[in-house]
1. Sort 28, 249 so that the residue with the fewest other Cβ atoms within 10 Å of its own Cβ comes first and the one with the most comes last.
2. Just subtract the alpha-carbon distance of residue 32 and residue 223 from 0.36 nm times their residue separation and send over the number in nm, one decimal.
3. Please report 217, 181, 75 as a ranked list, fewest other C-beta atoms within 10 angstrom at the top and most at the bottom.
4. How big is the gap, in Å, between the Cα center of the range 286-315 and the Cα center of the range 327-363?
C-alpha cells in the first residue's frame, strides 16, 4: 500500500548551484567557439532538423541534399538534391535517400567499428579511458606476448592466424609508454606500468643491395623502359620512395646542382596524399652530379608543361608508390638480378656505395635524412665493419714500413 504525502510549496527548500559541474568552463567555451564555425542547419517547416542536415552531397551532381517530410505522411522523412528540386534536373536516380535507410547504414558502421575496437583494442581502450589502476605491468606484458603469438587481424576467411613482428610490438610499446608517461606527469597515476616490460629483441635482417657488378645491367634496363632519370637519381641520392615521387620540377636548382626535398607522397584510402616528409631532418637539400642534371634536363623535353619531375607515363600525374615498385621488379627481371631487392634497398645500395668509396658517415646520414649519424652507423654496421678491416690493413702496412 502506497501513501502520498503532500508537501506545501512554501515548505520546500531549493538549493542552487550545489551539484558538481558536468564539464569545466574552458571546455564549455571551447565547444561554443567550435560551434560558431559550423554550418547552420535550417529546420523544416515542422521545426525538426536532422543530424545529417548540411553534411550530405548528391553523388551525381555534387549539390546539397536537403531534409524533407512527406506532405501526406510526416513519418516519411528523406533527403533530396537541391538541383533536382529546383528544376535543374542535373541528376537522375541518385538524388533521393530515405532517412530511415541512412540511419541504418550509419548505425551498422558504428556497430562494426565498436565490435572491432572491442575485439582487437580492448587493452588500449582501457588505458585511454583512464582505467590505469588495473593496467599493471603483468597485464601489459601478457598483452605483448599474446599479440606476438596471434595479434594479426584476420582480414578474410581462411587467412592464417599469426603474430605481429617484433618491430610492431616495440612500436606499440613506445606509444603506450609515452601516453602513460604523460599520465604520470599529470599525476593521474603514481608510476608507469609499461616501464618495466620485457620487449622482444630488435630484428636484424640481412641487408640486400644490388651487386655492384650488376648496376650497369640494372640502369640499362631502366633506360630501355624509359625511366632511367628516375632510377639513376635514386641510386645517386638515396631518397625515400615517397620523397622521390613527390619532387616537382621547381624543386630542382640546375644552377646550384641540387634538389630541395620538402614533401613525400603515399597512398591512403585509395588516393595519393602529399604530406611532409618522415622526420624533421628529412627536409633537406641534396646535391646531385652532372650526369643526373643532364638526364633530368633531357627528360624534361618529353613533358615540358608537367609540374612533376617524374610524371606518370600513363596518366601524366604523379606516380603512385606501388606503381614504381612494380616497375622496379620488371627492371630486376630484365637485368637478370635474382637477389630479392626491394625498391627501398636502392636507398641502401646508395649508402653502401658511398661509405665504401670513402664518404664520411656524417655526410651520408645527412643525405639520407636520418635524425643522427649514430642511427646510420647502426643500420650499416656490416659496411662500417669492412671499412674498419680495410683501415686496420692500411695501418698495419704503414707500421710494417716504419719498422
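1. With the sparsest Cβ surroundings first, the list reads 28, 249.
2. Computed gain between residue 32 and residue 223 is 62.7 nm.
3. If I rank by nearby Cβ atoms, fewest first, I get 75, 181, 217.
4. First find each Cα centre; the distance between them is then 21 Å.
All of the numbers you see were taken from the coordinates with simple rules; none came from a lab. Remember, predicted model here, so these are calculated numbers, not experimental data. Reconstructed Cβ throughout: ideal geometry from the backbone, glycine too, with neighbour counts over all protein chains shown.
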